[in-house]
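The values are calculated or read from the model by the stated rules, or taken from the named source; none is laboratory data. The structure presented is a predicted model; accordingly, all values stated were derived computationally and were not measured. Neighbour counts are summed over all protein chains in view; Cβ atoms, including those assigned to glycine, are modelled from backbone coordinates with ideal geometry. Calculation scope for accessible area: heavy atoms of the full protein, side chains included, ligands and nucleic acids excluded. Shrake-Rupley method; radii C 1.70, N 1.55, O 1.52, S 1.80 Å.
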Amino acid sequence: MAEIVLRDVEKFFGENYVIRKLNLTIQNKEFVVLLGPSGCGKTTTLRAIAGLEEIDRGDILIDGKAVQNLPAGDRDIAFVFQLFALYPHLTAYENIAFPLRATGESRSQIDGQVRAVAKAIQIEHLLSRRPSQLSGGDMQRIAIGRALVRRPKAMLMDEPIGALDAKLREEMRTELKRLHLENDSTTVYVTHDQVEAMSLADRIAIMNEGVLQQVGSPTEVYRHPANLFVAQFIGSPVMNVTKASVQTSGAVASVVVGEGDGSFGFPSELPQKMAAASHGQGDFMLGIRPEGVLVSRQQAPGYVPVEAHIIEPLGAYDIVDLKVGRQFIRARTASGYVGKPGETVYARLDESQTHFFHPATGESLNISFGGA
Amino acid sequence: MATAVMNRLDPRSRAAARGWSDLTIRNVFIIPTIVFLIVFNIFPLIYSLGYSFTDFSAASNEPVQFVGLQNYRDLLTDENIWSNFVITAKYVIVSVAGQMLVGFGLALLLNRSFAFKGLVTTLLLLPMMMSAAVVGLFWRLLYSPSWGPINYIFGLGDFAWLSDPDTALYAVAITDIWMWAPFVMLLSLAGLSAVPKHLYEAAAIDRAGSWYTFTRITLPLVSPLLMIALIFRTMEAFKTFDIAYIMSTQPTTELISIRLYKQAFQQWDTGKSCALAYIVLIMVLAITNMYVKYLNRAKER
Ligand SMILES: Nc1ncnc2c1ncn2[C@@H]1O[C@H](COP(=O)(O)OP(=O)(O)OP(=O)(O)O)[C@@H](O)[C@H]1O
Ligand SMILES: [Mg+2]
């Protein structure tokens, strides 16, 4: 088992600057998920760690040893490919045995290890089949078995369940979690599915356009996104983000959203906090998740009237688009709470769930109120 | 399914305007081919089977007599024929093995990117596109004892490749290898480039060395195409006539097809030649059948 350190890693594909000064430490036995939109360089990063892609600058250390110039085979790392990459002419058994046979282990030892792994991933009945006779889920199990069998220092997985259907994905997610707990292997896992990332990761590393945006536990990145990108990438439905400014009249502070489209009351410390964040009175970007928008059917203190515009019933809860001037803010309500579109309801922003971002850089201003 | 396709003639098409049905069109395309096949392949095949049981000679007017299996009996007990078969077998083994090795080797060398790859590949394919008669004459010059470049390059003095009974057959086989290795190369290249790159990456991750990767991944995945190349080349080598006939007159290069030619058109022993042709046909069929079995097994994966 191992610790992996990426230090100022840079990678170009010709003119294309794909990994930009990446610094990331993956602790021993940790499950780190690399999360980001398509084309942001996740796969490239993972392949660089594995030794399938050379890096242009920086260091990759495994257990303190620089490995960036070692070939893949000498790094003692297993890789699970998105499209399985099983050897089509070999049976499931032979596929799992391949890494052991390649290094010339004894026949009886190989047999024992292959069967033990097959048992752990529950594919004992499939061992004599070829990949072409297996379903996608089974193929991926075999690919994982092939990675597990040699007890590598670390496991790298590139969207291992991305090609499976939703139900199977959920099943495999649980299974991967179980395997990780049983094997205690250092794991780097790539995905662009934030639900997968949240449910699997000890820590999530969010990337965009080759730049690492934030690293933190699932709750951390959800509750304290470091910038607008992370805020909008994590969470579903997406966080509401709108331009806003502060208004004070006497001891009362309020936040005006959009170009004066609506104004919500806020605790009176807001101006001080803004000043402390050295942001003064200027505009900022306000972010609030739908569950932070509180909706009431009755007039209540602090609530302002808004019009319900669209209602999306999602079973467990509804997502309601509220019309605030020319702006739309999505709120999450109990199922069926708002009767029909066009109705007037009352809304308030829960200050403990609001996020403030710099309008130009998108960085968080690190302002928070109580609670979170 | 066939009828479904047949019904797709567009009613607004010109063919429909002429009153042709799709059936007519099908017949227009297929009947000439069938007639051609029957006249030039099936009919001679059956006719010659008949002749093989007679003492017919195309050069004489004597009445034809049915001799039963006599021709076959004579041929199969004729030691000369057996020596022709042995020569043919030697030739097939040497030349096909050489073509497979050289062709596959070249394909391995070409299966990477380098400058002028397309040009080099095309140049390497040229021998295959030449006429065998030209190749034969050309290599006779190369082998020439007195001023041929081969003896000059290898410093062999006036060694007579083609008139030495021990080397003549191999000299012909080398020419055949030169001519047909590109064919094997072409098929191997297709096979090699069809091996997905991620399998090599998986093997690298699995710590397989280059030899292990080659024998456990490359070879098995290319083998169906190699097998096809092997079938084609064996069949062709078995039937070789032209370059051997042109290059050497040694009895040690008398391949079975040369023997057949002499028997049919020099001795005018037509009936017996038909019988010999049938024996050759059955042998070729038997050998290819074996290969095809292997091929199917390789393809099952
Ligand atoms: N072999 C390559 N040659 C040139 N450019 C490449 C190569 N591989 C990737 N790229 C480029 O590098 C960038 C990052 O690619 P990468 O595959 O790492 O993205 P990703 O985050 O894994 O995306 P996805 O979620 O779609 O898999 C992309 O712009 C891609 O076009
Ligand atoms: Mg990818």
Give just the number: which of (1) at positive phi; (2) among the small types (Gly, Ala, Ser); (3) not assigned by TED's automatic domain parsing to the domain that holds residue A:171 does residue A:210 not satisfy?
(3)
One residue is enough: does segment B:29-42 have a residue meeting the conditions in contact (Cβ under 8 Å) with a residue 24 or more places away in the chain and farther than 30 Å from residue B:191 by Cα?
no
Sole exception among (1) more than 14 Å from every other protein chain (Cβ to nearest Cβ); (2) within 16 Å of ligand 1 (Cβ to nearest atom); (3) without any contact (Cβ under 8 Å) to a residue 40 or more places away in the chain for residue A:6, by number
(3)
Take the residues of segment A:77-114 that are open to solvent by less than 60 Å² (accessible area, probe 1.4 Å) and of a type in the set (Val, Ile, Thr): which is nearest to the chain's Cα centre (by Cα)?
A:80
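Taking residue B:232 as the residue in question, decide whether it is touching a residue at least 40 places away in the same chain (Cβ under 8 Å) and either facing another protein chain (nearest Cβ under 9 Å) or aromatic (Phe, Trp, Tyr) (or both).
Yes; evaluated as a whole, the condition is true for this residue.
Residues checked against (1) farther than 23 Å from residue A:350 by Cβ; (2) in contact with a helix residue (DSSP H, G or I) (Cβ under 7 Å, 6 or more places away or on another chain):
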{"residue": "A:189", "(1), (2)": "yes, yes"}
{"residue": "A:201", "(1), (2)": "yes, yes"}
{"residue": "A:207", "(1), (2)": "yes, yes"}
{"residue": "A:210", "(1), (2)": "yes, no"}
{"residue": "A:221", "(1), (2)": "no, yes"}
{"residue": "A:235", "(1), (2)": "no, yes"}
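Just to be sure, is residue A:55 touching a helix residue (DSSP H, G or I) at 6+ places or on another chain (Cβ under 7 Å), open to solvent by 20 Å² or more (accessible area, probe 1.4 Å) and away from every other protein chain (no Cβ under 12 Å)?
Yes.
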Members of segment B:74-97 that are more than 30 Å from residue B:215 (Cα to Cα), surrounded by 14 or more Cβ atoms within 10 Å (Cβ to Cβ) and of a type in the set (Val, Ile, Thr):
B:81, B:87, B:88
Here are the criteria: (1) more than 10 Å from chain B (Cβ to nearest Cβ); (2) open to solvent by less than 40 Å² (accessible area, probe 1.4 Å); (3) touching a strand residue (DSSP E or B) at 6+ places or on another chain (Cβ under 9 Å); (4) in contact (Cβ under 8 Å) with a residue 40 or more places away in the chain. Tell me which single one residue A:67 does not satisfy.
(4)
Being more than 16 Å from ligand 1 (Cβ to nearest atom) and either over 25 Å from residue A:61 (Cα atoms) or touching a Cys at 6+ places or on another chain (Cβ under 9 Å) (or both) narrows it down to one residue among A:83, A:134, A:148; which is it?
A:134
Quick check on my filter: what residues within segment A:163-176 are part of a helix (DSSP H, G or I) and open to solvent by less than 70 Å² (accessible area, probe 1.4 Å)?
A:166, A:168, A:169, A:172, A:173, A:175, A:176
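Given the criterion free of Cβ contacts under 8 Å to residues at least 24 places away in the same chain and closer than 30 Å to residue A:208 by Cα, identify the matching residue among A:236, A:278, A:268.
Step by step, each of A:236, A:278, A:268 is checked, and only A:278 is free of Cβ contacts under 8 Å to residues at least 24 places away in the same chain and closer than 30 Å to residue A:208 by Cα.
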Taking the residues in segment B:251-301 that are part of a loop (DSSP other than H, G, I, E, B), more than 30 Å from residue A:92 (Cα to Cα) and open to solvent by 40 Å² or more (accessible area, probe 1.4 Å) as candidates, determine which candidate is farthest from the other protein chains (Cβ to nearest Cβ).
B:268
The correct count of residues that are farther than 13 Å from residue B:222 by Cα and facing another protein chain (nearest Cβ under 10 Å) in segment B:182-198 is 2
Conditions (1) more than 16 Å from ligand 1 (Cβ to nearest atom); (2) open to solvent by 40 Å² or more (accessible area, probe 1.4 Å); (3) at pLDDT 95 or above; number of the one not met by residue A:12
(1)
Residue A:34 vs. criteria in contact with a Phe, Trp or Tyr (Cβ under 9 Å, 6 or more places away or on another chain) and within 12 Å of chain B (Cβ to nearest Cβ):
no
Can you pull out the helices (runs of 4 or more DSSP H) entirely within segment A:77-162 that have at least 1 residues that are touching a residue at least 40 places away in the same chain (Cβ under 8 Å), of a type outside the set (Asp, Glu) and within 14 Å of chain B (Cβ to nearest Cβ)?
A:92-102, A:136-148
How many residues, within segment A:54-80, are in contact with a Gly (Cβ under 9 Å, 6 or more places away or on another chain), within 16 Å of ligand 1 (Cβ to nearest atom) and under 15 Å from residue A:6 (Cα atoms)?
1
Got a number for residues in segment A:15-53 being under 12 Å from residue A:207 (Cβ atoms), of a type outside the set (D, E, K, R) and within 10 Å of ligand 1 (Cβ to nearest atom)?
14
Going through segment B:202-220 in order, the residues found to be at the interface with another protein chain (Cβ under 9 Å from one of its Cβ atoms) and part of a helix (DSSP H, G or I) are B:202, B:203, B:204, B:205, B:212, B:213, B:216, B:217, B:220
Scan the strands (runs of 3 or more DSSP E) fully inside segment A:182-237 and keep the ones with 2 or more residues being more than 13 Å from ligand 1 (Cβ to nearest atom), open to solvent by 60 Å² or more (accessible area, probe 1.4 Å) and within 14 Å of chain B (Cβ to nearest Cβ).
none
Being farther than 14 Å from residue A:367 by Cβ and of a type outside the set (Gly, Ala, Ser) is the filter; apply it to segment A:246-257 and report the residue that is surrounded by the fewest Cβ atoms within 10 Å (Cβ to Cβ).
A:252
